[in-house]
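To start, the structure under review is shown below, and the notes come after it.
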Amino acid sequence: MIGKIIKLTGGFYYIKSGDKIFETRARGNFRHLKVEPIVGDDVEFKYEEKTLGYIEKVYPRKNILTRPKVSNVDLALIVIPVMDPKYNFMIIDKTIVQAEHQGIDVAIAINKCDLNKEDADNLEKIYKNSGFKTFLISKDDEKSVNLLKKYLKGKTVAFCGVSGAGKSTITSLILNRDVEVGKVSEKTKRGR
């Protein structure tokens, strides 16, 4: 069977093939070959109802990101929180450079823009003027979420950004279903 790894947890790989998801493990020979299957990989696997499935082959990747560690991505959506946690231009720029070096398109989602409109507008100006598709997002603004949703349709997207930026919240809004969302620590202003 052929599918795409959509989740990796504790050595278990969850592969989507058609409209089904299969729980598998990687064969031990991958370690000897120094091949590490990651989310986004297209793979060949064997699966039987009564036994655990096994990944047999990892197909060549068109690209790879290291943070988050994913492959075969069409778009890196960099989620920048206006506040809590405060954005860091160096981290944002490193993510942009890494994505572009891999031939991955980049878009910017400026999140929590309702908390500081002036900062949100300044960030939008910086990234729009640099040639990036930019979205101002607020979880309470359905129109902004729908614009982003329309833009992402049909693409394989890696959500990038610091812990607490709002990646899970945006994902929940786009998919219209709950994705586990952590709280932002009062002390560190980072996600938990």
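The values are calculated or read from the model by the stated rules, or taken from the named source; none is laboratory data. Note that the structure is a prediction, hence the values are computed from the model and not measured. Using ideal geometry, Cβ is built from the backbone for each residue, glycine included, and neighbour counts are taken over all protein chains shown.
How many of the residues making up the stretch 119-146 are in contact with a strand residue (DSSP E or B) (Cβ under 6 Å, 6 or more places away or on another chain) and either surrounded by fewer than 16 Cβ atoms within 10 Å (Cβ to Cβ) or of a type outside the set (G, A, S) (or both)? Steps first, please.
To start, the set of residues in the stretch 119-146 that are in contact with a strand residue (DSSP E or B) (Cβ under 6 Å, 6 or more places away or on another chain) comprises 120, 123-124, 127-128, 132-137, 144.
Now restrict to residues that are either surrounded by fewer than 16 Cβ atoms within 10 Å (Cβ to Cβ) or of a type outside the set (G, A, S) (or both): 123-124, 127-128, 132-137.
Number of matching residues: 10.
Is one or more of the residues making up the stretch 60-73 touching a residue at least 24 places away in the same chain (Cβ under 8 Å), surrounded by 17 or more Cβ atoms within 10 Å (Cβ to Cβ), of a type in the set (D, E, K, R) and outside the structural domain of R27 (by TED's automatic domain parsing)? Step through it out loud before you land on a result.
So the first thing to find is which residues in the stretch 60-73 are touching a residue at least 24 places away in the same chain (Cβ under 8 Å), and the list is 62-73.
Those left that are additionally surrounded by 17 or more Cβ atoms within 10 Å (Cβ to Cβ): 63, 65, 70-73.
Checking which are of a type in the set (D, E, K, R) leaves us with none.
No, because not a single residue in the stretch 60-73 is touching a residue at least 24 places away in the same chain (Cβ under 8 Å), surrounded by 17 or more Cβ atoms within 10 Å (Cβ to Cβ), of a type in the set (D, E, K, R) and outside the structural domain of R27 (by TED's automatic domain parsing).
Only one of F45, F12, F89, F22 is more than 18 Å from V157 (Cβ to Cβ) and assigned by TED's automatic domain parsing to the domain that holds V145; which? Can you show your working first?
Numbers: F45 fails: assigned by TED's automatic domain parsing to the domain that holds V145; F12 fails: assigned by TED's automatic domain parsing to the domain that holds V145; F22 fails: assigned by TED's automatic domain parsing to the domain that holds V145.
So the residue among F45, F12, F89, F22 that is more than 18 Å from V157 (Cβ to Cβ) and assigned by TED's automatic domain parsing to the domain that holds V145 is F89.
Of the residues making up the stretch 36-87, those that are out of contact with any strand residue (DSSP E or B) (no Cβ under 9 Å at 6 or more places or on another chain) and not in a loop (DSSP other than H, G, I, E, B) are E48, T51, T66.
Within the stretch 64-84, can you find the residues that are on the phi < 0 side of the Ramachandran plot and out of contact with any Cys (no Cβ under 8 Å at 6 or more places or on another chain)? Working first, answer last.
Taking the stretch 64-84 first, the residues on the phi < 0 side of the Ramachandran plot are 64-71, 73-83.
Those that are on the phi < 0 side of the Ramachandran plot and out of contact with any Cys (no Cβ under 8 Å at 6 or more places or on another chain): I64, T66, K69, V70, S71, V73, D74, L75, I80, P81, M83.
May I ask you to verify whether L175 is among the hydrophobic types (A, V, I, L, M, F, W, C), within 16 Å of the chain's Cα centre (by Cα), modelled with pLDDT under 90 and within 30 Å of R61 (Cβ to Cβ)? Answer is yes for this residue.
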